[in-house]
Structures are given as structure tokens and as C-alpha cells.
Amino acid sequence: MAKAIPEVTLNDGTTLPVTGLGTYGLWGNAGANAVSSGINAGYRLIDTAYNYENEGAVGEGIRRSGIPRDELWVTSKLPGRYHPYDKALVAIQESLYRAQLDYFDLYLIHWPLPNQDTYVEAWQALIDAQKWGLVRSIGVSNFLPEHLERIIKETGVTPSVNQVELHPFFNQAHQRKVHTDLHIQTQSWSPIARAKDILTNDTIRQIAEAHHKTIAQVVLRWQYQIGSVSIPRSTSPERQRENLAIFDFELSDSEMTAISELSRPDGRLFDMDPATHEEF
Ligand SMILES: NC(=O)c1ccc[n+]([C@@H]2O[C@H](COP(=O)([O-])OP(=O)(O)OC[C@H]3O[C@@H](n4cnc5c(N)ncnc54)[C@H](OP(=O)(O)O)[C@@H]3O)[C@@H](O)[C@H]2O)c1
């Protein structure tokens, strides 16, 4: 049995487990089973999004797991086409209906789409959704420092979380420093870099061998030790358990540095720069 998952406290006083289950591409019956097996493996934080078209499978997986709703944290995200204030509030309600949940623990603006210039009103909608009890905590995803500064300046409300692409090949050192200064919790998407090139990386393999751990476990432990909340996705009950078994060892300072030094300025997996990437 994996050790209990530690929690972090967010700037609004709510908490979040330090690792959760990603669900991109998990849908239908198989998706619901993957979510249920993840919860039974020990996950308590589940990450979905309106645009993953699987909030229904996530809700079904939660019910199949038999774990009480109030022991779980469920995150969803607002798509770009629903940034306008009135649409955003309806979309959040629709998200809840799809998942058959009464509230989300965390709701994020999925992408800023700065060229549309609608993310401030989307943020205002999330602020109001939180006041009305639809969501417990509100945050953003893929926001660059200038987007964070603008929503804070224009609304006075700081997001609790910014979920960004973050893995050893793109370690987001500057963005994380901005988050620390603003008291925003960093969350890592694609935390094991989609388990491609990283699984043959010599530096991480040597560290993994020294600790009798897998490469994925070392990368997820690195995520934990840099202070980011990771949300690895796996459909396999075995790999879900593997990805949770990261609390019984510790990486040294030199191991942490060696992994962090794998980062490259062009290390994004899909070249999705939030300054220009548009996803509706
Ligand atoms: N906010 C955003 O814009 C954004 C963007 C992308 C993703 N996300 C979120 O972040 C989550 C995670 O990111 P991701 O799904 O892109 O990538 P990821 O979690 O880095 O990698 C997932 C891949 O790794 C494999 N895998 C998982 N554990 C493994 C292990 N221990 N050993 C070997 N392979 C393993 C999985 O295959 P198996 O299923 O076969 O194990 C899957 O193909 C998503 O699911 C989604 O919830 C958010």
C-alpha cells in the first residue's frame, strides 16, 4: 500500500494533494474504470477539463470507486470558447451536470488566449462561481506572468493554482519563481513528459537505479521536491500504483540539480506557447 499523499495549503486556505490523476483521453467505460482504479490505488485528486469531453466518465469513475465525494478533489477547466462572462458561468454549471457533481474543488481557465483578450472576464466569472459555491477554489492554467499580473491587478483576486507544462525537459524555473512570489501553487501537466524520450534518459536512469526506483517515479519525486503538484495520467492500475510510490525515498541536492539541468528553452513537448496557442 502506497504511503498517504501529503497535501499543500493554497492561498485561499483550501488544500490539495501533492499528486493527482490526469485524465486526458480517458473516457467512456474504460475511462470510468481507469478513474475508479486510480482512486482505489490511492489518488484523491482527479484532473479533468470541459474540453477533454470526459467529465461524465470522471464522475462515473468517482461513483464506481465507492470513495465518498468529500474525500476527493476534482478539478475541471473552462475552454476558450466560453471565456465571455455569461457563457463561462453556464459552462461551469454544464461541467457539473456532466460530472453529476454538486461542486468542483478547483476550476481553472484552461488557456489565456491573450489575442482574444477575454481572460479577465473569464476570471471574473470564476470569482463569482466561487462565491456562489459552484467551486471551492479557483485558478488558471497556462498563464504567463503578464497574464497573472493582469487578472490580479484588474480583479484583486490571485489564483490559487497555475497549471503549466512542466517536466525535466522544460522545468519552468522562472515561472515557478513568479508563482512563489505571488503565493500561487504550481501544478505540472505532462509531468512525465508523456513517457516518451524521458524513459531512455541516461541521467534519470542512473538516478533511478541508485534508488531502486523507476524513471517515472524519480521524475514524479523530482516534481514533489521542486514543490509542484503533478497530475500524471495512466490507464494501467499497475502504473497508477507505481506513480504513487514516491514518498519512501528522497533525491539528493545533486540529483535534483542533475535532473533540473536537463531543461532546454525549446523543451516544450508540442511547442504550445501560451502567448500564441489558441484552444477553443
Ligand atoms: N492544462 C493543460 O493545458 C493540460 C495539457 C495537457 C495535459 N493536462 C493534464 O495533465 C495530465 C497529464 O499529462 P499527460 O497526460 O499529457 O502526460 P503524462 O502524464 O506526462 O504522461 C502520460 C503517458 O505516460 C504513460 N505512463 C504513465 N505512467 C507511466 C509509467 N509509470 N511508466 C511508463 N509510462 C507511463 C501513460 O501511458 P499508460 O496510460 O499506458 O500508463 C501515458 O501515455 C493530463 O492527463 C491532463 O489531465 C493539462
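The values are calculated or read from the model by the stated rules, or taken from the named source; none is laboratory data. On a predicted model such as this, the values are computed, not experimentally measured, just so you know. Virtual Cβ from ideal backbone geometry, glycine too; neighbours counted across all protein chains shown.
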inquiry  = Restricting to region 152-166, name every residue that is within 16 Å of the ligand (Cβ to nearest atom) and of a type in the set (Gly, Ala, Ser).
reply    = SER160
ask   = Would you call THR180 more than 22 Å from TYR24 (Cβ to Cβ) and at pLDDT 95 or above?
value = yes
query = In region 125-146, which residues are out of contact with any Phe, Trp or Tyr (no Cβ under 7 Å at 6 or more places or on another chain), aliphatic (A, V, I, L, M) and in a helix (DSSP H, G or I)?
reply = ILE127
request  = Go through (1) more than 9 Å from the ligand (Cβ to nearest atom); (2) in contact with an Asp or Glu (Cβ under 6 Å, 6 or more places away or on another chain) and name the single condition ASP197 misses.
outcome  = (2)
request  = Determine whether region 238-259 contains at least one residue that is within 23 Å of HIS147 (Cα to Cα) and aromatic (Phe, Trp, Tyr).
outcome  = no
note = When region 212-242 is checked residue by residue, the ones that are over 28 Å from HIS179 (Cβ atoms), buried (at least 16 other Cβ atoms within 10 Å of the Cβ) and either more than 8 Å from the ligand (Cβ to nearest atom) or within 17 Å of the chain's Cα centre (by Cα) (or both) are THR235, ARG241
request  = Sort through LEU89, LEU108 and tell me the only one that's aliphatic (A, V, I, L, M) and within 16 Å of LEU10 (Cβ to Cβ).
outcome  = LEU108
request  = Go through region 243-269 and give me each residue that's within 13 Å of the ligand (Cβ to nearest atom), out of contact with any Phe, Trp or Tyr (no Cβ under 8 Å at 6 or more places or on another chain) and part of a loop (DSSP other than H, G, I, E, B).
outcome  = ALA245
query = Within region 168-193, can you find the residues that are within 14 Å of the chain's Cα centre (by Cα) and among the polar types (S, T, N, Q)?
reply = GLN185, THR186, GLN187, SER188, SER190
request  = Look through region 179-194, keep the residues that are among the hydrophobic types (A, V, I, L, M, F, W, C) and more than 23 Å from SER234 (Cα to Cα), and return whichever of them is nearest to the ligand (Cβ to nearest atom).
outcome  = ILE184
request  = Would you check which residues across region 167-178 are away from the ligand (no atom under 15 Å from the Cβ) and of a type outside the set (A, V, I, L, M, F, W, C) and list them?
outcome  = HIS174, ARG176, LYS177
inquiry  = If a residue must be surrounded by fewer than 20 Cβ atoms within 10 Å (Cβ to Cβ) and either part of a loop (DSSP other than H, G, I, E, B) or free of Cβ contacts under 8 Å to residues at least 12 places away in the same chain (or both), how many such residues does region 147-163 contain?
reply    = 5
